[in-house]
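Engineer: I have a structure here, written as structure tokens, and I will follow up with some questions on it.
The values are calculated or read from the model by the stated rules, or taken from the named source; none is laboratory data. Note that this is a predicted model, so its numbers are computed, not measured. Note that each Cβ is placed from the backbone with ideal geometry, even for glycine, and that neighbours are counted across all protein chains shown.
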Amino acid sequence: MSWRRKKMGKVTEPQRLFMENGSILQEELIKCCNGKTNPITTYSANQILEATKNFNQSNLVGKDDCDYHYYRGTLDDDHHRLVVVKKKKAYGGSSVRKICRDISVSSMVSGHKNFLKLLGCCLEFPCPVLVCEYAESITVNAHHQIDPTLTWNTRLKIARDISNSLAYLHTAFSTTFIHRNVHPRNVFLDVKGVAKLGDFRNCVTIPQGESFVREYKLEGTYGYLDPIYMSKGMITENVDVYSFGVFMLVLLSRRTPGLDDELHPDFLTRLVEDGRFSEVLDPVMLENIGDFAEGELCRMEAFFILSLRCIGLRGEVPEMMEVAKELKRIERS
């Protein structure tokens, strides 16, 4: 990708934004990926506006707590592809660099089936816009609660898919990538039921040979943050493992960490000690398992215990690769 354009008279506003944003993106590509990424398309502002009908509210399919809005759009190309366009509504000081980090890491991992595939970006807005394959969020409301219609088997598969994506981030490259915001709102399902992890704006790298980096500005979501990261600013692989453990608990319960006492570590510990783990389970999910309840409850309990290991309540915290293997075993049992 090249962000240079020949000077031809007066520079227009879209051209100025293209060059400024492109320069920052080039820096992030070098910093994160040594400039090595999968090819993506650069779209014009007019193409984005046409695809989303000028960011029409009828095309809005989701938004998160950081003022990022997701629009359904249709590209005017040979395939007339349905896409998701990700746009930041408000402009902030670090917004462009974070979005460029998102573009950089997304383009690097977009060949893996368990990441939301980045098709391209547009640099002609004050904040760059991402264009991704179409997939729908697994959450259904402003509190980002899990869709209650998701069955137990679907939730288990979602967990396995996302564990694979995190294990890939942690092990596939010479430097370790830490997502830092594993949360239901960043998980999507495509039309084939494949779960995909997105949103890499808070992603950081741990240099080869190091086990952690330190950063005192906390990023992530309350209720999903590793206590050691919160208290010491240390970013390790356990930051993602902890968040993923909370994510597993949310899949089981549909409760909101940080707001529901039932997901507090002390309460979870008592449930295990008293053999009452079923109290944390989503009653709607339980109703739908029917005649297979006994066998499925055994799998749910194994899933629950694994989640507790991830958040440090049951022995040594596992690595994501081990978590992925254990989820595969649970799914097949």
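Table: residues versus (1) touching a helix residue (DSSP H, G or I) at 6+ places or on another chain (Cβ under 9 Å); (2) over 16 Å from SER165 (Cβ atoms); (3) in contact (Cβ under 8 Å) with a residue 40 or more places away in the chain.
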| residue | (1), (2), (3) |
| --- | --- |
| ARG309 | yes, yes, yes |
| GLY312 | yes, yes, yes |
| GLU316 | yes, yes, no |
| ALA324 | yes, no, yes |
| ARG332 | no, yes, no |
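Engineer: Can you find a residue that is without any contact (Cβ under 8 Å) to a residue 24 or more places away in the chain, outside the structural domain of ALA195 (by TED's automatic domain parsing), within 29 Å of SER211 (Cα to Cα) and of a type in the set (Gly, Ala, Ser) anywhere in segment 99-110?
Structural biologist: The initial filter retains those residues of segment 99-110 that are without any contact (Cβ under 8 Å) to a residue 24 or more places away in the chain, namely none.
No: zero hits.
Engineer: Further question: Scan segment 252-268 and give yes if some residue there is of a type outside the set (S, T, N, Q), touching a Pro at 6+ places or on another chain (Cβ under 7 Å), closer than 19 Å to PRO148 by Cα and modelled with pLDDT of 90 or more, otherwise no.
Structural biologist: As a first pass, look at segment 252-268 and keep what is of a type outside the set (S, T, N, Q): 252, 254-255, 257-268.
In the following step, the residues that additionally are touching a Pro at 6+ places or on another chain (Cβ under 7 Å) were identified as 254, 263.
Filter once more, keeping what is closer than 19 Å to PRO148 by Cα: 254, 263.
Filter once more, so that each one left must be modelled with pLDDT of 90 or more: 254.
Scanning segment 252-268 turns up at least one residue that is of a type outside the set (S, T, N, Q), touching a Pro at 6+ places or on another chain (Cβ under 7 Å), closer than 19 Å to PRO148 by Cα and modelled with pLDDT of 90 or more.
Engineer: Suppose we filter segment 179-195 for residues that are assigned to a strand (DSSP E or B) and surrounded by fewer than 24 Cβ atoms within 10 Å (Cβ to Cβ); how many remain?
Structural biologist: Number satisfying all stated conditions: 1.
Engineer: Further question: Within segment 172-203, which residues are aromatic (Phe, Trp, Tyr), at pLDDT 95 or above and out of contact with any strand residue (DSSP E or B) (no Cβ under 6 Å at 6 or more places or on another chain)?
Structural biologist: Of everything in segment 172-203, just one residue is aromatic (Phe, Trp, Tyr), at pLDDT 95 or above and out of contact with any strand residue (DSSP E or B) (no Cβ under 6 Å at 6 or more places or on another chain), namely PHE200.
Engineer: Could you check MET230 against (1) within 25 Å of THR171 (Cα to Cα); (2) buried (at least 22 other Cβ atoms within 10 Å of the Cβ) and say which number it fails?
Structural biologist: Just one mismatch for MET230, condition (2).
Engineer: Right, here's the next one. Any residue at all in segment 207-214 that's outside any helix (DSSP H, G or I), assigned by TED's automatic domain parsing to the domain that holds ASN153 and acidic (Asp, Glu)? Write out each step before concluding.
Structural biologist: Of segment 207-214, the ones outside any helix (DSSP H, G or I) are 207-214.
Those left that are additionally assigned by TED's automatic domain parsing to the domain that holds ASN153: 207-214.
Now drop any that are not acidic (Asp, Glu), which leaves 210.
Taking every residue of segment 207-214 in turn, at least one turns out to be outside any helix (DSSP H, G or I), assigned by TED's automatic domain parsing to the domain that holds ASN153 and acidic (Asp, Glu).
Engineer: May I ask you to list the residues in segment 1-56 that are at pLDDT below 80 and exposed (fewer than 11 other Cβ atoms within 10 Å of the Cβ)?
Structural biologist: SER2, ARG4, LYS6, LYS7, MET8, GLY9
Engineer: Among the numbered criteria (1) touching a His at 6+ places or on another chain (Cβ under 7 Å); (2) surrounded by fewer than 17 Cβ atoms within 10 Å (Cβ to Cβ), which single criterion is violated by MET320?
Structural biologist: Every listed condition holds for MET320 apart from (2).
Engineer: Taking PHE200 as the residue in question, decide whether it is part of a loop (DSSP other than H, G, I, E, B), in contact (Cβ under 8 Å) with a residue 12 or more places away in the chain and surrounded by 16 or more Cβ atoms within 10 Å (Cβ to Cβ).
Structural biologist: yes
Engineer: Something else about it: Which one of the conditions (1) assigned to a loop (DSSP other than H, G, I, E, B); (2) closer than 17 Å to THR41 by Cβ does ILE103 fail to meet, given that it meets all the rest?
Structural biologist: (1)
Engineer: Of all residues in segment 133-171, which are crowded, with 20+ Cβ neighbours inside 10 Å, more than 26 Å from ALA51 (Cβ to Cβ) and either at pLDDT below 95 or among the hydroxyl-bearing types (Ser, Thr, Tyr) (or both)?
Structural biologist: ILE146, SER163, SER165 - these are the residues of segment 133-171 that are crowded, with 20+ Cβ neighbours inside 10 Å, more than 26 Å from ALA51 (Cβ to Cβ) and either at pLDDT below 95 or among the hydroxyl-bearing types (Ser, Thr, Tyr) (or both).
Engineer: Output the residues belonging to segment 38-77 that are within 18 Å of the chain's Cα centre (by Cα) and of a type in the set (A, V, I, L, M).
Structural biologist: VAL61 - this is the single residue of segment 38-77 that is within 18 Å of the chain's Cα centre (by Cα) and of a type in the set (A, V, I, L, M).
Engineer: Yes or no: segment 89-108 includes at least one residue that is of a type in the set (Asp, Glu) and surrounded by 19 or more Cβ atoms within 10 Å (Cβ to Cβ). Please lay out each step first, then the result.
Structural biologist: In the first step, residues of segment 89-108 are kept if they are of a type in the set (Asp, Glu); the result is 102.
Retained after the next criterion (residues that are surrounded by 19 or more Cβ atoms within 10 Å (Cβ to Cβ)): 102.
Among the residues of segment 89-108, at least one is of a type in the set (Asp, Glu) and surrounded by 19 or more Cβ atoms within 10 Å (Cβ to Cβ), which makes the answer yes.
Engineer: Moving on to the next point. Name every residue in segment 10-32 that is assigned to a helix (DSSP H, G or I) and over 20 Å from ASP102 (Cβ atoms), in order of residue number.
Structural biologist: If the condition is that a residue be assigned to a helix (DSSP H, G or I) and over 20 Å from ASP102 (Cβ atoms), then GLU13, PRO14, GLN15, ARG16 are the ones that fit.
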